Amino acid sequence: MPLLPRTHLFEFNDRDWVPASLRDTIIETLSRSLDWGGFLRPLVPVMDDFLSAAGTREVLDLCSGAAGPALILTAEAERIGIRAPRFLMTDLFPRVPIWTYARAQHPESIDFIAEPVDATRIPAALSDGRARVIVNAFHHFSPEHAGAILRDAVESQAPIFIAESFERDPRGAFPLIPVGIPSLLATPLLSPRDRLAKAAWTWLTPIALAAGSWDALISTLRIYSQQDLRDLVAPFGRSYEWTYGTYDYPFGGRGCYFQGVPSKARAFATRTNGPSQATARRIMDEEQTNPEAAAQAHNGAEALPTAEALPTTAEALPTAPEVNAKRQEATVELQHEVESLEQTSTAPEDPLAASTMKKKALRRYLREQTLKPYQAELIKMQQYLEESGTRMVILFEGRDAAGKGGTIRRVTRYMNEKHYRVVALGKPTEHERTQWFFQKYIQHFPRAGEVVLFDRSWYNRAMVEPVFGFCSEKDYKNFMRGVTGFEKDLVRQGTVLIKLYFSVTKDEQNRRFQRRKADPLRQWKLSEVDVQAQERWDEFTNVKYEMLKRTHTTHAPWKIIRSNDKHKARLNAIKVILNSVPYERMDESLDFVPDSDIVISGSRELEKMEAQRLRAGKFLV
C-alpha cells in the first residue's frame with residue numbers, strides 16, 4: 001500500500017474539551033491493549049541497544065500518559081533478564097494517581113515528576129545524564145512542536161528515542177482489535193479512579209468504543225514517516241547519529257522507531273560499555289548456532305588492512321583526515337616546545353624578551369592550527385550551498401568587545417570571496433529613516449548559494465538603540481512585535497538563518513577595553529558607545545533578557561557563545577555554523593559537537609538569567 005499523506009485530524013484523547021474521564025478511558029485502554037497483545041515487548045532489545053550507545057540507563061520518559069510504556073518495558077526487561085532502565089515519567093498533564101500506582105509496581109525502576117513538564121523545553125536538572133524517550137506519543141505533535149522537541153534534545157546533547165506502535169498505514173490498527181475490545185470493557189474495573197464515569201462511557205453508551213476506534217485509526221495516519229523524521233532533523237547537521245528502524249509484533253504487524261545519539265556519546269559508550277546486553281545475547285546465540293560463520297567473521301575482522309598497508313601512488317593527493325592527522329602531530333610537538341619554554345621562563349616576564357615573544361607566537365600559531373580543519377570544512381559547506389542554491393544569513397550579536405569581529409575573520413579567512421559578504425551597517429541615513437526598518441537589511445540579503453554575515457544586525461533595535469535612546473518606545477515595541485514573523489517568513493522561504501549571541505563577562509569586557517586604550521593598533525576600535533558600555537551594563541542585560549525571551553523561537557533560535565576565551569568561542573561558533581546544513585563532511589573524524597560549556601541555547605540562557613535574578617535580585621550576565 002502506498003504511503004498515505006500525514007493527516008491533521010484530531011484525536012479525542014489529546015483534546016481539552018473532551019471530558020477527562022473519557023480521555024483516561026481511551027488512554028488506559030490503549031496501554032492495556034499494548035500490554036495484553038505484547039506489542040511493545042519486541043521494543044525492549046532495541047531500546048537496550050539505544051541506551052548502550054547513549055552510555056546511560058537513566059530515561060526521561062516524555063509524554064508518559066497512563067504509564068503504559070514504562071510499565072510494559074520494565075516488566076519485559078525483567079522477564080528476559082535485561083537490566084531495566086530507570087524511568088522518570090513526565091507529562092504536560094501529569095496523571096499522578098496512575099503514576100503512583102506504576103511506581104508502587106516497580107519502585108526501583110519507575111518514578112515521576114508531579115509538576116507539568118513541557119517536552120519542548122526540558123529543564124537542565126531533568127535532562128542531565130538522561131536519555132529522552134517518547135513512546136506512542138510523538139504523532140500527537142505538529143511538525144513545529146515535533147521539531148522543537150528534537151531541537152531541545154540536540155541543544156542539550158541528550159540522546160532521544162521515539163517509538164510508535166504502527167507505521168503510517170490504517171491497517172496497522174487491525175492487530176489491536178482482538179485485544180482492544182476486551183481491554184475497553186475491562187477498563188472500568190481495572191482503572192484506579194473514576195470507575196463510575198468510565199463505566200458510563202464504556203458499558204452504557206457506545207461513546208468510548210466510537211472515540212477509541214476513531215483514535216486508533218487516526219493515530220495510524222498521523223505517524224511521522226522516515227522521510228518526515230529525516231526532514232525534521234536535517235537542520236541540526238551531523239553532530240547526531242540518526243537511525244530509523246522497525247520491529248515486528250508477535251502476531252503480525254510492526255512498529256517503528258527513530259533514535260538520535262550524539263556522535264561523541266556513541267563513541268564514548270562503545271569504548272567504555274562494549275555491546276549492549278541484548279546485542280551480546282544475540283552474538284552468543286549466533287556463536288552457539290553457527291560457530292563456523294562466527295569464527296570466519298572474527299578472523300575477517302582481524303585481517304582488515306591497516307592504513308599503512310593501503311596502496312598509494314605518487315600522484316595521489318592526501319585526504320583531509322591524513323592532513324589533519326599530520327597537523328595534529330606537528331601541533332603536539334609545538335605544544336611540548338611551548339611547555340618547555342614556560343618551565344624555563346622566570347617571573348616577571350619581559351614582554352620584549354625573545355623567549356616571551358616566541359612563546360606568544362607559538363601559542364597563537366597553535367590556536368590558528370586548531371581552527372584550520374574546521375575552516376576547510378567551511379569551504380566544503382560553501383560548495384554545498386553553491387551546488388544546492390541555499391541562502392545563508394548569519395547574525396553576530398553581543399556586547400562591545402565580545403569577540404564578534406575576530407570570529408567573523410576566522411570564519412571567512414579561507415572562504416571563496418565571490419560567495420560571501422560581511423555586512424556592517426553604520427547609522428541610518430535620513431533617507432533610510434523614512435523607510436521600513438528592515439528595508440536596509442533586506443537589500444543586503446544573499447542570493448542563491450551565498451553567505452551573508454551581519455556584524456550586528458536588525459537586533460540593534462532590540463539592544464543598542466533602546467539603551468542609548470536612539471529609537472522611540474513605539475519603534476522598539478513595533479520591532480519586538482514584528483521581528484519573529486519577519487524571521488519566520490525568511491526561514492519558510494528557504495534561507496538558513498543562524499543567530500549567534502556572544503556573551504562576555506563585565507570584568508573581561510573591561511580588560512579588553514583597557515587593552516584597546518593602551519594599544520595603538522587597537523585604539524580605533526574604541527567609540528563613545530564603548531566607553532559607556534560598562535556604566536550601562538545592567539541596562540544592556542535587561543534588554544538582552546527581553547530580546548531572548550521574545551525572539552528565541554523554534555524557527556529562528558538563538559545560540560549563546562560564551563566568549564571570555566576567544567579561541568574556544570571562535571572554534572565552537574564555526575561548529576554551530578557547520579552543523580546548520582547537511583553537507584558532506586571532509587573529515588568525519590573531527591569533533592563537530594559544540595562544547596556545552598561554551599555554546600548554550602537561548603532557552604538555557606533564559607533559565608540561567610531567571611535563576612540569577614531569583615538568587616541575587618538582578619541579572620548578572
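Here Gln514 meets each of (1) in contact with a helix residue (DSSP H, G or I) (Cβ under 8 Å, 6 or more places away or on another chain); (2) open to solvent by 20 Å² or more (accessible area, probe 1.4 Å); (3) more than 20 Å from Thr407 (Cβ to Cβ); (4) polar (S, T, N, Q) with one exception, condition (1). The number of residues in region 489-507 being under 20 Å from Ile560 (Cα atoms), open to solvent by 10 Å² or more (accessible area, probe 1.4 Å), in contact (Cβ under 8 Å) with a residue 60 or more places away in the chain and of a type outside the set (A, V, I, L, M) comes to 2.
When you go through Phe479, Phe468 one by one, which is the residue that is of a type outside the set (Lys, Arg), farther than 21 Å from Gln532 by Cβ and in contact (Cβ under 8 Å) with a residue 24 or more places away in the chain?
When all the criteria are applied, what remains is Phe479.
The set of residues in region 599-621 being closer than 23 Å to Asp565 by Cβ, charged (D, E, K, R) and in contact with an Asp or Glu (Cβ under 8 Å, 6 or more places away or on another chain) consists of Arg604 alone. Within region 566-621, if we keep just the residues that are among the polar types (S, T, N, Q) and part of a helix (DSSP H, G or I), the residue that is nearest to Gln382 (Cα to Cα) turns out to be Asn572.
The residues of region 33-47 that are more than 30 Å from Leu185 (Cβ to Cβ) and crowded, with 24+ Cβ neighbours inside 10 Å amount to a single one, Met47. Listed by first and then second residue, the pairs with beta-carbon distance under 8 Å, at least 6 apart or on different chains, first residue in region 116-130 and under 14 Å from Val59 (Cα atoms), second among the hydrophobic types (A, V, I, L, M, F, W, C) and exposed (fewer than 14 other Cβ atoms within 10 Å of the Cβ), are Ala119/Leu92.
Taken over region 223-257, the criterion of being over 30 Å from Leu578 (Cβ atoms) and open to solvent by 20 Å² or more (accessible area, probe 1.4 Å) is satisfied by Thr246, Asp248, Pro250, Phe251, Gly252, Gly253, Arg254. Considering only residues of region 2-30 that are modelled with pLDDT under 75 and part of a helix (DSSP H, G or I), which is surrounded by the most Cβ atoms within 10 Å (Cβ to Cβ)? Among residues in region 2-30 that are modelled with pLDDT under 75 and part of a helix (DSSP H, G or I), the one surrounded by the most Cβ atoms within 10 Å (Cβ to Cβ) is Asn13.
Residues of region 427-448 that are open to solvent by less than 60 Å² (accessible area, probe 1.4 Å) and part of a loop (DSSP other than H, G, I, E, B): Pro428, Gln435, Phe437, Phe438, His444, Phe445, Pro446.
Scanning region 582-621 for residues that are under 30 Å from Val323 (Cα atoms) and out of contact with any helix residue (DSSP H, G or I) (no Cβ under 6 Å at 6 or more places or on another chain), we see that the one that is least open to solvent (accessible area, probe 1.4 Å) is Arg585. Filtered by the rule that a residue be assigned to a loop (DSSP other than H, G, I, E, B), at negative phi and open to solvent by less than 100 Å² (accessible area, probe 1.4 Å), region 467-482 gives Cys471, Ser472. Filtering region 377-426 to residues that are in contact with a Ser or Thr (Cβ under 7 Å, 6 or more places away or on another chain) and open to solvent by 30 Å² or more (accessible area, probe 1.4 Å) leaves Arg391, Tyr420, Val422. Scanning region 494-548 for residues that are among the hydrophobic types (A, V, I, L, M, F, W, C), under 23 Å from Ile600 (Cα atoms) and outside any helix (DSSP H, G or I) yields Val496, Leu497, Ile498, Leu500, Phe502, Val504. If you go through region 193-221 one residue at a time, how many are open to solvent by less than 50 Å² (accessible area, probe 1.4 Å), over 15 Å from Leu30 (Cα atoms) and in contact (Cβ under 8 Å) with a residue 40 or more places away in the chain? The qualifying residues number 2.
Selection of strands (runs of 3 or more DSSP E) fully inside region 48-162 by the criterion of at least 3 residues being buried (at least 24 other Cβ atoms within 10 Å of the Cβ) returns 58-61, 131-135.
Which number in (1) under 14 Å from Val393 (Cβ atoms); (2) of a type outside the set (Phe, Trp, Tyr); (3) touching a residue at least 40 places away in the same chain (Cβ under 8 Å) marks the one condition that Met463 misses? So the condition that Met463 fails would be (1). Remark: Glu528 matches the filter, which requires a residue to be of a type outside the set (Ser, Thr, Tyr) and surrounded by fewer than 19 Cβ atoms within 10 Å (Cβ to Cβ).
The single condition among (1) modelled with pLDDT under 85; (2) farther than 18 Å from Ser33 by Cβ that Tyr224 does not meet is (1).
Do you know which of the residues in region 221-262 that are in a strand (DSSP E or B) and of a type in the set (Val, Ile, Thr) is farthest from Val46 (Cα to Cα)? The selected residue is Val261.
The values are calculated or read from the model by the stated rules, or taken from the named source; none is laboratory data. Fair warning: this is a prediction, and the values are worked out from it, not measured in the lab. Cβ coordinates were reconstructed from backbone atoms using ideal geometry, including for glycine residues, and neighbour counts include every protein chain displayed. Heavy atoms of the whole protein, side chains included, go into the accessibility calculation; ligands, DNA and RNA do not. Shrake-Rupley method; radii C 1.70, N 1.55, O 1.52, S 1.80 Å.
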